[in-house]
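First up is the structure itself, then whatever we jot down about it.
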Protein chains: 2
Amino acid sequence: MAYVAYVNYNIRSVCERKKMAHKPRSEMIAETRAKLVAAARHAFGTAGYADASMDDFTAAAGLTRGALYHHFGDKKGLLEAVIAEIDAEMGARLHIVAGNAPTRWEGFVAECIAYIEMALEPEIQRIVLRDGPAVLGDPSAWPNQNACIRSMAENLQRLTEEGTIVATDPEAVSRLINGAMLHASLWIANAPDPEATSKKAVHALKTLLEGLLVRNRSPG
Amino acid sequence: MAYVAYVNYNIRSVCERKKMAHKPRSEMIAETRAKLVAAARHAFGTAGYADASMDDFTAAAGLTRGALYHHFGDKKGLLEAVIAEIDAEMGARLHIVAGNAPTRWEGFVAECIAYIEMALEPEIQRIVLRDGPAVLGDPSAWPNQNACIRSMAENLQRLTEEGTIVATDPEAVSRLINGAMLHASLWIANAPDPEATSKKAVHALKTLLEGLLVRNRSPG
DNA sequence: CTAATTTACATACGCCTCGTATATCAGAGG
DNA sequence: CCTCTGATATACGAGGCGTATGTAAATTAG
């Protein structure tokens, strides 16, 4: 018995989608995943993870929660996918910035500043910096390990080897700096005058970073 | 009509509480609030804010959600109260640490290290560092403004005036350092070997901080 | 000292959200 | 052509939260 109503099933929507595209199945699936990720990204970025209703944003993507559970397991799984996407974009942007600098050190500083600027974007701030850690735990344990951090740690490693900066554990320093930048972004974004605050933060960060330069340190 | 069942009301629990104590009303209220905050603090600290059921932890405190809504408005309000309590404790602990140091600079460094250690405690980490920002937004905009940050900013102000450290905006530097420490704590807490990681982080932090000392900087 | 009012809390109800179980259909492959 | 697997939709149940409402104790008024 039961489920009599299934006679009306989803005939309409399925037919519509059939008419629209005759792509191979794998493409349709990729498209579905992309649609879900995009819709979730928007919802998470504006309403926040907790207040984003799965029913709502799957519907906005022209789908239902059924598709979501099939592809991502649960809401957290979808958040992971969204964060992975954003993180990849961030990594790519930082890579470009670092590559355009004349020296390694300057590249590093430019990367830091670019990171702060990116972290000012509301979507990144909300999803990656606030909800991400709350829902998924410590970012340093995430699978991607934040492409950003790895890139910075590598730079620091080389700078240390070159003798440009004082000897420290590169990973430790990169995590400290990353945390500093992240917090700075939250501060800037919520400040009454973000522009001025940003200048103060960038200046302070440069001061802090320059303390690492060997040429700035007197033997002592 | 309706609400017929109210005849049985809460006679039992009320009578029990009446027998137990004949304190003035204000004390009873304070006790209720304290019980709720304590129960919530435990639940938030172990299960996390999102997974802590209001029905469950109010019941654990011998109360119902009615009391909670009356005193704190909603779940967020209770979280605010919990965080305020924890923040006050942290501030007091830091104050003591700083006061025991021979010089202002050493006090500042000691405070930083103590902060990292505190932030390793699971309850603080979960409630203040992860769920807090996700639910209540940027910590720098919280009412208490994090007693910790203010204290550090004051120290930096004085150190700058004394000429001990290079001139920067004290608030900016304190926020950067605060973010660095916070992130370091998350990293340490989730590292496979927290002890060793902690040493690395503290060493790196000291290196970073010492870069601010005027006596370490060569004129450049 | 009694009556009115306020305050502190408990209960009931409804909406919404999530997760799981089930149903259906479209393609892929034999 | 038939079967089987995979992609998606629907139905159902369990909780969680917020609000509206109820009650009794404490306080204040007269």
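For B:GLY45, indicate whether it is more than 10 Å from DNA strand D (Cβ to nearest atom) and modelled with pLDDT of 95 or more.
Values: more than 10 Å from DNA strand D (Cβ to nearest atom): yes; modelled with pLDDT of 95 or more: yes.
Yes; evaluated as a whole, the condition is true for this residue.
Suppose we filter B:GLU89, B:GLU111 for residues that are open to solvent by 10 Å² or more (accessible area, probe 1.4 Å), modelled with pLDDT of 90 or more and either in a helix (DSSP H, G or I) or within 22 Å of A:ARG126 (Cβ to Cβ) (or both); which single one remains?
Numbers: B:GLU111 fails: open to solvent by 10 Å² or more (accessible area, probe 1.4 Å).
Among B:GLU89, B:GLU111, only B:GLU89 is open to solvent by 10 Å² or more (accessible area, probe 1.4 Å), modelled with pLDDT of 90 or more and either in a helix (DSSP H, G or I) or within 22 Å of A:ARG126 (Cβ to Cβ) (or both).
Would you mind stating whether A:ASN144 is assigned by TED's automatic domain parsing to the domain that holds A:VAL214, among the polar types (S, T, N, Q), closer than 25 Å to B:ALA119 by Cβ and not in a helix (DSSP H, G or I)?
Working: assigned by TED's automatic domain parsing to the domain that holds A:VAL214: yes; among the polar types (S, T, N, Q): yes; closer than 25 Å to B:ALA119 by Cβ: yes; not in a helix (DSSP H, G or I): yes.
Yes, satisfied.
I'd like to verify a number: residues in the stretch B:174-196 that are part of a helix (DSSP H, G or I), more than 8 Å from chain A (Cβ to nearest Cβ) and not acidic (Asp, Glu), how many?
As a first pass, look at the stretch B:174-196 and keep what is part of a helix (DSSP H, G or I): B:174-190, B:194-196.
From what is left, the residues that are more than 8 Å from chain A (Cβ to nearest Cβ) are B:174, B:185, B:188, B:194-196.
Add one more test, that the residue is not acidic (Asp, Glu), and what stays is B:174, B:185, B:188, B:194, B:196.
Result for the stretch B:174-196: 5.
Residue under question is A:LEU94, and the condition is that it be outside the structural domain of A:GLY45 (by TED's automatic domain parsing), within 23 Å of B:ILE127 (Cβ to Cβ), open to solvent by less than 30 Å² (accessible area, probe 1.4 Å) and modelled with pLDDT under 95; does it hold?
Details: outside the structural domain of A:GLY45 (by TED's automatic domain parsing): yes; within 23 Å of B:ILE127 (Cβ to Cβ): no; open to solvent by less than 30 Å² (accessible area, probe 1.4 Å): yes; modelled with pLDDT under 95: yes.
For A:LEU94, the condition - outside the structural domain of A:GLY45 (by TED's automatic domain parsing), within 23 Å of B:ILE127 (Cβ to Cβ), open to solvent by less than 30 Å² (accessible area, probe 1.4 Å) and modelled with pLDDT under 95 - is not met.
Within the group B:GLY62, B:GLY77, which residue is assigned to a helix (DSSP H, G or I), away from chain A (no Cβ under 14 Å) and either modelled with pLDDT of 50 or more or within 27 Å of B:PRO122 (Cα to Cα) (or both)?
Details: B:GLY62 fails: assigned to a helix (DSSP H, G or I).
Of B:GLY62, B:GLY77, the one residue that is assigned to a helix (DSSP H, G or I), away from chain A (no Cβ under 14 Å) and either modelled with pLDDT of 50 or more or within 27 Å of B:PRO122 (Cα to Cα) (or both) is B:GLY77.
Every residue in the stretch B:117-141 that is part of a loop (DSSP other than H, G, I, E, B) and more than 10 Å from chain A (Cβ to nearest Cβ), please. Give the steps one after another, and end with the answer.
Keep residues of the stretch B:117-141 that are part of a loop (DSSP other than H, G, I, E, B), which gives B:119-121, B:137-138.
Scanning the stretch B:117-141 gives B:ALA119, B:LEU120, B:GLU121.
Evaluate the stretch B:62-85: report whether one residue or more is within 11 Å of DNA strand D (Cβ to nearest atom), of a type in the set (Gly, Ala, Ser) and on the phi > 0 side of the Ramachandran plot.
Initially, the stretch B:62-85 is screened for residues within 11 Å of DNA strand D (Cβ to nearest atom), giving B:64-70, B:72-79.
Checking the rest, the ones that are also of a type in the set (Gly, Ala, Ser) come to B:66-67, B:73, B:77.
Filter once more, keeping what is on the phi > 0 side of the Ramachandran plot: B:73.
Yes, there is a match, as at least one residue in the stretch B:62-85 is within 11 Å of DNA strand D (Cβ to nearest atom), of a type in the set (Gly, Ala, Ser) and on the phi > 0 side of the Ramachandran plot.
Condition check: of a type in the set (Ser, Thr, Tyr) and open to solvent by less than 30 Å² (accessible area, probe 1.4 Å). Does B:SER151 satisfy that? Working first, answer last.
Numbers: of a type in the set (Ser, Thr, Tyr): yes; open to solvent by less than 30 Å² (accessible area, probe 1.4 Å): no.
No, not satisfied.
Please indicate, with yes or no, whether at least one residue in the stretch A:181-195 is more than 22 Å from B:ASN146 (Cα to Cα) and open to solvent by 10 Å² or more (accessible area, probe 1.4 Å). So that I can check it myself, show each step before the final result.
Of all residues in the stretch A:181-195, those more than 22 Å from B:ASN146 (Cα to Cα) come to A:195.
Retained after the next criterion (residues that are open to solvent by 10 Å² or more (accessible area, probe 1.4 Å)): A:195.
Yes: the stretch A:181-195 contains one or more residues that are more than 22 Å from B:ASN146 (Cα to Cα) and open to solvent by 10 Å² or more (accessible area, probe 1.4 Å).
Just the residues that are over 16 Å from B:ALA110 (Cα atoms) and among the polar types (S, T, N, Q), please, taken from the stretch B:177-198. Please lay out each step first, then the result.
The first filter runs over the stretch B:177-198 and keeps only residues over 16 Å from B:ALA110 (Cα atoms), leaving B:179, B:183, B:186-197.
Result: B:ASN190, B:THR197.
If you check A:VAL82 against the conditions, is it within 14 Å of chain B (Cβ to nearest Cβ) and either among the hydrophobic types (A, V, I, L, M, F, W, C) or in contact (Cβ under 8 Å) with a residue 24 or more places away in the chain (or both)? Spell out the reasoning first.
Numbers: within 14 Å of chain B (Cβ to nearest Cβ): no; either among the hydrophobic types (A, V, I, L, M, F, W, C) or in contact (Cβ under 8 Å) with a residue 24 or more places away in the chain (or both): yes.
No.
Considering only the stretch A:159-173, state which residues are at the interface with chain B (Cβ under 9 Å from one of its Cβ atoms) and of a type in the set (S, T, N, Q).
Once the filter is applied, which keeps residues that are at the interface with chain B (Cβ under 9 Å from one of its Cβ atoms) and of a type in the set (S, T, N, Q), the stretch A:159-173 yields only A:THR168.
The values are calculated or read from the model by the stated rules, or taken from the named source; none is laboratory data. These numbers come from a predicted model, not from an experiment. Don't worry about glycine lacking a Cβ; one is built from the backbone with ideal geometry, like all the others, and counts go over all protein chains shown. Note: accessible area is taken over every heavy atom of the protein model, side chains too, but ligands, DNA and RNA are not part of it. Shrake-Rupley method; radii C 1.70, N 1.55, O 1.52, S 1.80 Å.
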